[in-house]
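Working notes for the structure below.
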Amino acid sequence: MSIANTPERRQLRELTRAFVTREVLPHLDDWERAGEVPRALHATAAKLGLLGIGFPESVGGSGGDLLDSIIVTEELIRAGGSSGLVAALFTHGIALPHMVAAAGARTGGSLGGRLTGASSPGDDSLIERYVRPTLAGTMIGALAITEPDGGSDVAAIRTTAIRDGDHYVVNGSKTYITSGHRADFVTTAVCTDFPGSGELTLLVIDKDSPGFTVGRRLEKLGWHCSDTAELSFVDVRVPVTNRIGAENTGFLAIMQHFAAERLSLATQAYATAQRCVELAVRWCRDRETFGRPLVGRQVVRHRLAEMHTRAEAARSYVHEVAARVAAGEPVVTEVAMAKNVAVAACDHVVDQALQLHGGFGYLRDAEVERHYRDARILGIGGGTTEIMNEIIAKGMGL
Ligand SMILES: Cc1cc2nc3c(=O)[nH]c(=O)nc-3n(C[C@H](O)[C@H](O)[C@H](O)COP(=O)(O)OP(=O)(O)OC[C@H]3O[C@@H](n4cnc5c(N)ncnc54)[C@H](O)[C@@H]3O)c2cc1C
């Protein structure tokens, strides 16, 4: 039996599918127009235990490992949701793991599995103040790494945090921050030395801190139900107790948790592809041209077969790599390959699926149109396809 198909994981799929059918599908178009998902959705998902998947019960999570998180992500999309929905509702998947790891909590070696260095005086209180309420669906968090000057070169971060007694004084700006408008707190990468020195630290910054402003809502090609923000920090005083782990351990912490984020994006990619194959098959059975259903033509059947093959191959490889990450194997190169394989499969499938829908595929009424737009970010966020190739080349010794 596949590790993704155990009785427990089948139950998890059913739970997620029921959540999407009941709580998401009737409203998703409205949320796409509104530019965000409602806070109440977080509480509903939390009550079902979905928000806490992949986080240990000791910090308010539901337990489970990286594969369980992957099952939830996969089913959120395959049941008719979208990668934009995953980005908006599961932003905590990138905002919290550093705090969980720094506090020493274990998640079976997946989302927050490794300690990131010496602890900070506030690490335990961060669990109570931010992690538990977020997993309970009463707070929303975001992760801010990218800056207007660049995102790929994480070490070049220019937002500074200068120590002043028992506070840091933060100055700088961030951009493209998922859930940045709705977030109550932002896990923020700052530089504790001169800008660009690479000495990074993670601070949790409260939305209502004086000097912290959330800028305009960024309008995007896709992910419309996921709000994306610019953030500005002018002399923002952040208590030292809001530091995650020791000073200057931020770069390592960010890199360690990129594995889970990249595998989540890879999952969103192959699940979007799987969903689009389903939509295309349904359409090609129903749509008749020249007196026959589209699926009656060999050229169409072969196109669908190729789309299905690419989606399934990507799924299988992502699951294999996720299982190795969950087992604690150092598979940085494989994670990068998994992301690129899944994104390539997705890019091909969304394009072909839209084409098979003809003119209808280009309309807002068509679900495939949303997936086509949403898919484009998957090769950019969490490290671009080019940066993944850099990692793969390094792994090859090049
Ligand atoms: C919708 C959305 C949501 C996002 N959410 C978040 C979030 O929540 N938090 C966050 O911190 N960031 C977030 N991001 C930012 C995202 O992670 C960055 O956009 C991404 O890392 C790329 O950084 P950049 O845009 O600065 O591109 P750049 O780093 O400027 O790169 C530009 C281009 O150059 C290529 N390139 C760069 N370096 C090299 C190289 N050495 N060799 C070859 N090619 C290279 C890149 O691949 C890319 O094609 C989000 C972005 C979007 C659009």
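No lab work stands behind these numbers, since they all come straight from the coordinates. Computed from a predicted structure; not experimentally measured. Methodologically, a virtual Cβ is constructed for each residue, glycine included, from the backbone with ideal geometry; neighbour enumeration extends over all protein chains shown.
Values for this structure:
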| item | result |
| --- | --- |
| Region 185-239, Rg to Rh (Cα coordinates; Rh as Kirkwood inverse mean 1/r) | 1.04 |
| Potential extension, Asp29-Arg297 segment - 0.36 nm per residue separation minus Cα distance | 93.1 nm |
| Rounded D (µm²/s) - region 243-398, Kirkwood Rh over Cα pairs, Stokes-Einstein at 25 °C, 0.890 mPa s | 145 |
| Tail fraction, Cα-Cα pairs, region 221-333, threshold 19 Å, whole percent | 68 |
| Length-normalised contact order of the chain in % [C-alpha pairs under 8 Å, at least 6 apart] | 16 |
| Nearest 10 degrees, 0 to 90: helix 298-326 Cα axis against the chain principal axis | 30 |
| Whole-number Å³ per residue for the convex hull built on Cα positions in the chain | 136 |
| Stretch gain in nm, segment Thr241-Ala313, where the contour uses 0.36 nm per residue and the Cα spacing is subtracted | 21.4 nm |
| Nearest-ten-degree value, helix 66-78 long axis tilted from longest Cα axis of the chain | 50 |
| Euclidean distance of C-alpha centroids, region 8-55 and region 294-328, integer Å | 25 |
| Sorted peptide list for 345-355, 57-67, 14-24, 210-220, criterion being average Cβ within 10 angstrom, highest first | 345-355, 57-67, 14-24, 210-220 |
| For region 111-247, diffusion coefficient by Stokes-Einstein and Kirkwood Rh (Cα), 4 °C, 1.567 mPa s, µm²/s | 85 |
| Amide H contacts of Thr175 (H built 1.01 Å from N, under 5 Å, at least 5 apart or other chain) | Thr146, Glu147, Leu231 |
| Å³ per residue enclosed by the Cα convex hull of region 1-96 | 93 |
| Ordering of 188-195, 234-241 by burial proxy (mean other Cβ atoms within 10 Å per residue, highest first) | 188-195, 234-241 |
